[in-house]
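See below for the structure under consideration.
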Amino acid sequence: DAQLAADMPYNPTKALEYGDAAWVPHEGDTETPTSPLATASTSTETVASPKVGAGQPDLGDNPLDGPLDRVRVDDTGRMLTTNQAVRVADNQNSLKAGLRGPTLMEDFILREKITHFDHERIPERVVHARGSAAHGYFESYGDQSAITRAALFSATGKRTPVFVRFSTVAGERGSADTVRDVRGFAVKFYTEDGNWDLVGNNIPVFFIQEAMKFPDLIHAVKPEPHHGMPQASSAHDTFWDFASLSPEIVHMLLWHTSDRAIPRSYRMMQGFGVHTFRLVNAHGTSVFCKFHWSPMAGTHALVWDEAVRLVAADPDYHRRDLWEAIDSGQFPQWELGLQVFSEAQAARFPFDILDPTKLVPEALVPLRTVGKLVLNRNPDNFFAETEQVAFCAAHVVPGIDFTNDPLLQGRLHSYVDTQISRLGGANFHEIPINSPVAPIHNNQRDGMHRQQINRGRVNYEPNSLAGGCPFQAGVRGFVSVPEASHGNEVRGKPELFADHYSQARLFWISQTTVEQDHIVQAFRFELTRVQTPAVRKRVLAALVNVDNGLAARVAASLGMDVPDPLPPATSRPPYQYPPSPPLSLFHRPGNVGVATRRVALLVAPGVDGPQTRKLYAALLDLGAAPRLVGDQIGKIAASDDAPLDVEISIEAGPSALFDAVIVPDYPEGECALSRDARALEFLKLQFRHLKPMLAVGSGAVLLRAAHVPDKLPDGQPDPGVIVADSCDLADALARFVAVLARHRVYARDTDPPRV
Ligand code: HDD
């Protein structure tokens, strides 16, 4: 750095940035400042910010650290200043003409502070306003250069930094996380060849086939315009009115009413690029590709009643889950799978690969796993990173290209356009979180908030005065796949797009019984909230085309007759797909056991101290997150001399926040919680939400007081209601852990619930 500083032309107005002065602490500094000239290669996370999670993120060699470190700020040991770096003597009192006199216009410190505050908010995203994000990396499992020249896939073990944002679609920025909705899954890869944004969802198909319909879809699902209700919910007339008149939506409606729309965690959901993309190799040869993210933690969902309660118990449920998992070192991971197929294969599919309401069944094209995504570091600042990150479906790199999917084509326009109003101008790519790590050289200039100081007199091309630079990259740059175009200009769609029901039926028949039950219940809930009977009837008429049984069950749940089917939009007979097991949520149980599962140990005075500590430690060892839950926080007397420290009260930590419960033994008699309605409700809800429950010794009294049945509806023992003696604790815990690793006891599920 000293050499670098010495080599720079001297700028007298910035003397502190040159030579030795750059390293000399000036008054007010309590530590050696990093050189203002520090570059990516020299600054490190620890120098720039002590604020790393307790998980000690494995940052490795991450080219993002340098550029982001340059703008990270820590105030420790620093004096308060204005934005002009003038030290502020008094931040409590404005400047007045006399102690009781008017505040003076002269008070530039007051005015700067208030003015900045007045402009702190930016427009929220028009969709996906509510979200959470994290840093990490993508690691390639091999060399994929045979199918793509994209740099991130060029070698085994190659790591590319990423920033990933998850979101809901409909809710506003402050809305709750656990509403029924599609989840966004947007990945920004900072590759050496520029940024690639894979802006996907947790559902592989979409509501509509044309970008032209997107504003209508979103207007319909957002709060109704006259009174601004309801928030973050599709269960209202305008959404279902639009849906009932748009039969292409039916496949997506089945996903939307399935438990996919209420994930347990962002870490436990799949991600999909949705559209068919192209991969292109160095010879310009291209293949079609669908992108799939599969969570190592498995795909797991909430149950609806639990999701609703979580809206109140913790509106930040998914945000907190992601943050805490990373902070505790349990880094969320996904594998990237590609479905790669040729044009010739695509031509034989019974659907059009340009239609985003269709998926490619894995039986037709299996997944090829090419790498993993690891999220290992929380952002330092929500606004600077999570809010200002700007994804764009048009951000691709050499090796990846688009198809003519009309929804995708419209997206290519929308994202940059929206950032211009959201982030205040055309230079949003210079905001640190959006900046590529690859260098930017072009003749684009000026605009609001320009950061780059482009040197020289030439800002045009062709030029001779700058030796023709920056020069075109030719084949080393992005080359679009040449595709023959034919046909007249026309507004319309191919015939196969009109097959609206075959894949909806495929999804329905690929679901297990319990998943089908939940779909019926979700339709019942949504359509019960719809006030207009004709809308309900039209939805039923569309469902008849999917499956008579489905339509009949939804109709019965609404007290309606099954209407005549909606006339199909095509005369082609529906295609009869065989069931596709990967479409079931239960197909991917995951391989992380009980890691990060939240387990409540219900405790009150007199609880078996050694046993409770043993259970707690055993769960911690497995990576789970045990918590002592009682009627209030603080110390309670246990059976031995050592008191226990209750971490959270039932009031502040209700049942919905825990994946499972344990009631330890009370050796000296009855537990006071058996007369506490909150504790009994806690247990009833654990049972109702299909969670594993373990009671040891006289802890079982609590289960009985809560009327928790120990049999399944078919009379078999409930594997998730485990009552054990203190002497077979190890065996009982092993059974409990096995059930918890499978997430829920779905065999317990009944409608209506039994407790
Ligand atoms: Fe979109 C945001 C995903 C169709 C227009 N979209 C946005 C985000 C995700 C998606 C994950 C949030 C990104 C973030 O975290 O900042 N969108 C999708 C998927 C689609 C899709 C998977 C279909 C396959 N979107 C779609 C269409 C249009 C848009 C058809 C417009 C024609 N989407 C936008 C947008 C947003 C956006 C208005 C709002 C905020 C933003 O872009 O940055 O441009």
For residue 106, state whether it is charged (D, E, K, R), outside the structural domain of residue 293 (by TED's automatic domain parsing), touching a residue at least 12 places away in the same chain (Cβ under 8 Å) and outside any helix (DSSP H, G or I). no
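Does residue 235 satisfy the criteria of being closer than 20 Å to residue 130 by Cα and touching a residue at least 24 places away in the same chain (Cβ under 8 Å)?
Taking the combined requirement at face value, the residue satisfies it.
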Cβ pairs under 7 Å, 6+ apart, first in the range 354-367 and of a type in the set (Ser, Thr, Tyr), second within 14 Å of the ligand (Cβ to nearest atom) and open to solvent by less than 10 Å² (accessible area, probe 1.4 Å): 357/205; 357/209; 357/251; 357/252
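Let's see how each residue does on (1) at negative phi; (2) assigned to a strand (DSSP E or B); (3) within 37 Å of the chain's Cα centre (by Cα); (4) crowded, with 18+ Cβ neighbours inside 10 Å:
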site: 669; (1), (2), (3), (4): no, no, no, no
site: 674; (1), (2), (3), (4): yes, no, no, yes
site: 681; (1), (2), (3), (4): yes, no, yes, no
site: 690; (1), (2), (3), (4): no, no, yes, yes
site: 694; (1), (2), (3), (4): yes, yes, yes, yes
site: 698; (1), (2), (3), (4): yes, no, no, yes
site: 703; (1), (2), (3), (4): yes, no, yes, yes
site: 708; (1), (2), (3), (4): yes, no, yes, yes
site: 713; (1), (2), (3), (4): yes, no, yes, no
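Here's the yes/no breakdown for (1) of a type in the set (S, T, N, Q); (2) farther than 18 Å from residue 237 by Cβ; (3) within 31 Å of the chain's Cα centre (by Cα); (4) not in a helix (DSSP H, G or I):
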position: 516; (1), (2), (3), (4): yes, yes, yes, no
position: 520; (1), (2), (3), (4): no, yes, yes, no
position: 527; (1), (2), (3), (4): no, no, yes, no
position: 541; (1), (2), (3), (4): no, no, no, no
position: 551; (1), (2), (3), (4): no, yes, no, no
position: 555; (1), (2), (3), (4): no, yes, no, no
position: 562; (1), (2), (3), (4): no, yes, no, yes
position: 566; (1), (2), (3), (4): no, yes, no, yes
Subset of the range 494-523 [β-branched (Val, Ile, Thr) and open to solvent by less than 20 Å² (accessible area, probe 1.4 Å)]: 519, 520
Which residue, of 256, 219, 283, is open to solvent by 10 Å² or more (accessible area, probe 1.4 Å), within 16 Å of the ligand (Cβ to nearest atom) and either outside any loop (DSSP other than H, G, I, E, B) or not assigned by TED's automatic domain parsing to the domain that holds residue 518 (or both)? 219
Going through the range 393-407 one residue at a time, which ones are within 14 Å of the ligand (Cβ to nearest atom) and either small (Gly, Ala, Ser) or closer than 23 Å to residue 153 by Cα (or both)? 393, 394, 395, 402, 403
Exactly one of these conditions fails for residue 347: (1) open to solvent by 10 Å² or more (accessible area, probe 1.4 Å); (2) touching a Leu at 6+ places or on another chain (Cβ under 8 Å); (3) away from the ligand (no atom under 14 Å from the Cβ); (4) not polar (S, T, N, Q). Give me its number. (2)
How many residues does the range 375-392 hold that are open to solvent by less than 10 Å² (accessible area, probe 1.4 Å) and near the ligand (Cβ under 10 Å from one of its atoms)? 5
Tally the residues that are in a loop (DSSP other than H, G, I, E, B) and within 16 Å of the ligand (Cβ to nearest atom), restricting the search to the range 259-280. 6
Counted residues in the range 415-465 being over 27 Å from residue 152 (Cα atoms) and of a type in the set (Phe, Trp, Tyr) come to 1
The residue from 454, 434 that alone is under 24 Å from residue 421 (Cα atoms), surrounded by 12 or more Cβ atoms within 10 Å (Cβ to Cβ) and not β-branched (Val, Ile, Thr) is 434
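Would you please name the residue that is surrounded by the fewest Cβ atoms within 10 Å (Cβ to Cβ), looking only at residues in the range 100-143 that are more than 16 Å from the ligand (Cβ to nearest atom) and under 30 Å from residue 62 (Cα atoms)?
Step one: list which residues in the range 100-143 are more than 16 Å from the ligand (Cβ to nearest atom), which gives 100-120, 137-143.
Next cut, under 30 Å from residue 62 (Cα atoms) only: 137-143.
On the way: 137: 25, 138: 25, 139: 18, 140: 21, 141: 16, 142: 15, 143: 12.
Step by step, filter the range 100-143, then rank; the result is 143.
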Mind checking which residues of the range 715-755 are assigned to a loop (DSSP other than H, G, I, E, B), more than 21 Å from residue 664 (Cβ to Cβ) and among the charged types (D, E, K, R)? 742, 744, 749, 751, 754
Mind listing just one residue for me: the one in the range 408-421 that is open to solvent by 30 Å² or more (accessible area, probe 1.4 Å) and among the small types (Gly, Ala, Ser) and, of those, nearest to the ligand (Cβ to nearest atom)? 414
If you go through the range 87-95 one residue at a time, do you hit one that is assigned to a loop (DSSP other than H, G, I, E, B), surrounded by fewer than 23 Cβ atoms within 10 Å (Cβ to Cβ) and in contact with an Asp or Glu (Cβ under 9 Å, 6 or more places away or on another chain)? yes
So residue 185, is it open to solvent by 10 Å² or more (accessible area, probe 1.4 Å) and either under 26 Å from residue 122 (Cβ atoms) or assigned by TED's automatic domain parsing to the domain that holds residue 512 (or both): no
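Kindly evaluate residue 491 against the criterion of being within 30 Å of residue 229 (Cα to Cα), modelled with pLDDT of 95 or more and open to solvent by 60 Å² or more (accessible area, probe 1.4 Å).
Values: within 30 Å of residue 229 (Cα to Cα): no; modelled with pLDDT of 95 or more: yes; open to solvent by 60 Å² or more (accessible area, probe 1.4 Å): yes.
So residue 491 fails the test.
The values are calculated or read from the model by the stated rules, or taken from the named source; none is laboratory data. It should be emphasised that the depicted structure is a prediction, and the values quoted were computed from it without experimental measurement. Cβ: placed from backbone, ideal geometry, glycine included. Neighbour counts: every protein chain shown. Please note that ligands, DNA and RNA were not included when accessible areas were found on the heavy atoms of the full protein model with its side chains. Shrake-Rupley method; radii C 1.70, N 1.55, O 1.52, S 1.80 Å.
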